[in-house]
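Bear in mind that the values in this text are calculations on the coordinates, not laboratory data. Quantities reported herein were computed from a predicted structural model and do not represent experimental measurements. Heads up, the Cβs are rebuilt from the backbone with ideal geometry, glycines too, and the neighbour counts pull from every protein chain shown.
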Amino acid sequence: MNTYKSKLPIKHSGRLFSERFLSRYDITVKNAAQKLYLHPSTLSRFLNGQIAVSCSLALKLEIATGVSAQFWIAWQNDYDLQQIEMLRKERIDAEPLLDIA
């Protein structure tokens, strides 16, 4: 059974990147996409929470921001877990693999 619980909502990693770096430093999506070697539509989808951070994108974000790739991956994982918990209205069909008494 998953015991993951968060007190505050976690933002998607793309929204976090947008708020903490692009908005704060007035960087355009086009400029950021160029510096990250991404197509602007790919970056836009990430910023809008439509796609998750990948390992390769996390490494690019580390180079661009100085924030570790591990942080971006962990943040995305926390977000994904929170989304599952929030959307889960009924029991998830699964059982423990081992019977531990």
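Please find, within the range 47-71, the residue that is farthest from residue 25 (Cα to Cα) out of those that are assigned to a helix (DSSP H, G or I) and small (Gly, Ala, Ser). For the range 47-71, the residue satisfying everything is 56. If I filter the range 23-46 for residues that are closer than 30 Å to residue 100 by Cα and either assigned to a helix (DSSP H, G or I) or of a type in the set (Asp, Glu) (or both), do I get at least one hit? Looking through the range 23-46, none of the residues is closer than 30 Å to residue 100 by Cα and either assigned to a helix (DSSP H, G or I) or of a type in the set (Asp, Glu) (or both). Would you say residue 98 is assigned to a loop (DSSP other than H, G, I, E, B) and more than 15 Å from residue 16 (Cβ to Cβ)? Taking the combined requirement at face value, the residue satisfies it. Against the test of being surrounded by 13 or more Cβ atoms within 10 Å (Cβ to Cβ) and in contact with a Cys (Cβ under 9 Å, 6 or more places away or on another chain), the options 74, 64, 69 yield a single qualifying residue, 69.
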